[in-house]
Amino acid sequence: MASVVGEEVSNKQVIFKDYFTGFPKESDMYLTTSTIKLKVPEGSNGVLLKNLYLSCDPVMRILMQRVVPKGFSNYTPGSPINGYGVAKVLDSGHPDFKAGDLVWGSARWEEYSLITATEGLRKITHSDVPLSYYTGLLGMPGMTAYAGFHEVCSPKKGEYVFVSAASGAVGQLVGQFAKLLGCYVVGSAGSKEKVDLLKNKFGFDDAFNYKEEHDLDAALKRYFPEGIDIYFENVGGETLDAVLLNMRDHGRIAVCGMISQYNLDQPEGVKNLMCLIYKRIHMTGFTVRDYYHLYPKFLDTVLPYIKEGKIAYVEDIAEGPESGPAALVGLFSGRNIGKQVVVIARE
């Protein structure tokens, strides 16, 4: 049903209950229905959005705790959770946006949103690809993969690349960017299905199920007898410890995330940091926020790849706001296959 500007409509919302420790549960969020007037208030320079697709990202777990790292804002108990999404502008008081525009960027988990802080929104100018891609391949995860691999790792053709959490939203793209550059790429994932996906759909040279490996150091020596030039770090913990032993001299590690640590009260220690010295390894933490100035260049690179079929992208689609909490929580048990997206509306 088309939304009529000015009418008052019901608005399903996913609300954050309260701060917690340990693994997230569906019960840490709840669904409620409020009402909203589909009109930007007189004199406001905000925009009124109809949300279409919402992104589930591991970083959202960090925002569910009382104390968050510098530069992050935690969720407010009793308010909708927020993240990244794709939306359609229904009404606008802002000169840069008009009704009918499609946008991606910061989004609240609800059917309709009045956004006053519009600096987190980007206009979608290429709508000849699936709009949901702007939660992943053409959005924050895609930009993360591109900047982390090309800018942080300074890769060269023929190098040996290892990607952990390789079937996730970021990992699947890092591996493909590396293959397009002519690197040798191995990924790790947590199920046979995901390992098959890495080898058969994403074109990795090889892949393994880390849950079946009792000795990660030995596994990496098997897949990288010559050692690893580039490690794209998504998990932390014992994987990082084993990788350090297998890095080559002057190797580069881009630290994107450490999903194995997010739900622990006490983070695990890393024992093999001396390898950084002996092997002169560059290990660099980064956040995508430092690289959004490259977004136009990123689009120029990646859109042709999509159209020429050089990049495959797998999404795991959950339908409706009521499916949101289970979809988000599922990230931390590896339930999703590919990029986890919640569909709020398709148009």
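The values are calculated or read from the model by the stated rules, or taken from the named source; none is laboratory data. Please read all numbers here as calculations on a predicted model, not as lab measurements. Cβ placement follows ideal geometry from the backbone for every residue including glycine, while neighbour counts extend to all protein chains displayed. Heads up: the accessible areas ignore ligands, DNA and RNA and are worked out on the full protein's heavy atoms, side chains in. Shrake-Rupley method; radii C 1.70, N 1.55, O 1.52, S 1.80 Å.
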Inset, instruction - Considering each residue of the stretch 8-42, count those that are over 21 Å from ILE115 (Cα atoms), open to solvent by 70 Å² or more (accessible area, probe 1.4 Å) and of a type in the set (A, V, I, L, M), and give that number. - result: 0
Legend entry - Residues of the stretch 57-73 satisfying the condition of being under 13 Å from THR135 (Cβ atoms) and surrounded by fewer than 21 Cβ atoms within 10 Å (Cβ to Cβ): MET60
Legend entry - Candidate set: the stretch 138-179, residues that are touching a strand residue (DSSP E or B) at 6+ places or on another chain (Cβ under 7 Å) and of a type in the set (Ser, Thr, Tyr); chosen: the one surrounded by the fewest Cβ atoms within 10 Å (Cβ to Cβ): SER154
Inset, instruction - Output the residues belonging to the stretch 205-218 that are modelled with pLDDT of 95 or more and closer than 18 Å to LYS271 by Cα. - result: ASP215, LEU216, ASP217, ALA218
Inset, instruction - Only residues that are free of Cβ contacts under 8 Å to residues at least 40 places away in the same chain and either farther than 18 Å from LYS310 by Cβ or over 19 Å from the mean Cα position of the chain (by Cα) (or both): list them for the stretch 190-202, please. - result: LYS192, VAL195, ASP196, LYS199, ASN200
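With respect to PHE202, is the statement that it is open to solvent by less than 30 Å² (accessible area, probe 1.4 Å) and farther than 17 Å from ALA312 by Cβ true?
It is false that PHE202 is open to solvent by less than 30 Å² (accessible area, probe 1.4 Å) and farther than 17 Å from ALA312 by Cβ.
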Inset, instruction - Would you point out the residue of the stretch 1-32, among those that are among the aromatic types (Phe, Trp, Tyr) and in contact with a strand residue (DSSP E or B) (Cβ under 7 Å, 6 or more places away or on another chain), that is nearest to ALA107 (Cα to Cα)? - result: PHE16
Inset, instruction - Looking only at the stretch 337-347, count how many residues are surrounded by 17 or more Cβ atoms within 10 Å (Cβ to Cβ) and farther than 18 Å from PRO141 by Cβ. - result: 1
Legend entry - Candidates LEU54, LEU114, filtered to the one that is touching a residue at least 12 places away in the same chain (Cβ under 8 Å), surrounded by 23 or more Cβ atoms within 10 Å (Cβ to Cβ) and not in a loop (DSSP other than H, G, I, E, B): LEU54
Inset, instruction - Enumerate the pairs (first residue in the stretch 281-307 and within 22 Å of ASP57 (Cα to Cα); second residue anywhere and open to solvent by 60 Å² or more (accessible area, probe 1.4 Å) and in a helix (DSSP H, G or I)) with beta-carbon separation below 7 Å, excluding pairs fewer than 6 apart on the same chain, so at least 6 apart or on different chains. - result: TYR291/GLU151
Inset, instruction - Provide a single number: the residues in the stretch 243-280 that are in contact (Cβ under 8 Å) with a residue 24 or more places away in the chain and over 24 Å from the mean Cα position of the chain (by Cα). - result: 16
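Residues are listed down the side, and each one gets a yes or a no for (1) in a loop (DSSP other than H, G, I, E, B); (2) over 18 Å from SER55 (Cβ atoms):
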residue	(1), (2)
ARG122	no, no
THR125	yes, yes
LEU173	no, no
VAL186	no, yes
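Would you mention how many residues in the stretch 296-336 are of a type in the set (A, V, I, L, M), open to solvent by 40 Å² or more (accessible area, probe 1.4 Å) and more than 16 Å from GLY85 (Cβ to Cβ)?
Residues meeting the conditions: 0.
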Legend entry - Which listed residue, of GLY182, GLY236, is farther than 12 Å from ALA165 by Cβ and either open to solvent by less than 20 Å² (accessible area, probe 1.4 Å) or at pLDDT 95 or above (or both): GLY182
Inset, instruction - Report whether or not VAL174 is within 16 Å of the chain's Cα centre (by Cα) and not assigned by TED's automatic domain parsing to the domain that holds SER106. - result: yes
Legend entry - Only listed residue being touching a Ser or Thr at 6+ places or on another chain (Cβ under 9 Å), within 23 Å of TYR262 (Cβ to Cβ) and either of a type in the set (Ser, Thr, Tyr) or open to solvent by 50 Å² or more (accessible area, probe 1.4 Å) (or both), chosen from THR76, THR135: THR135
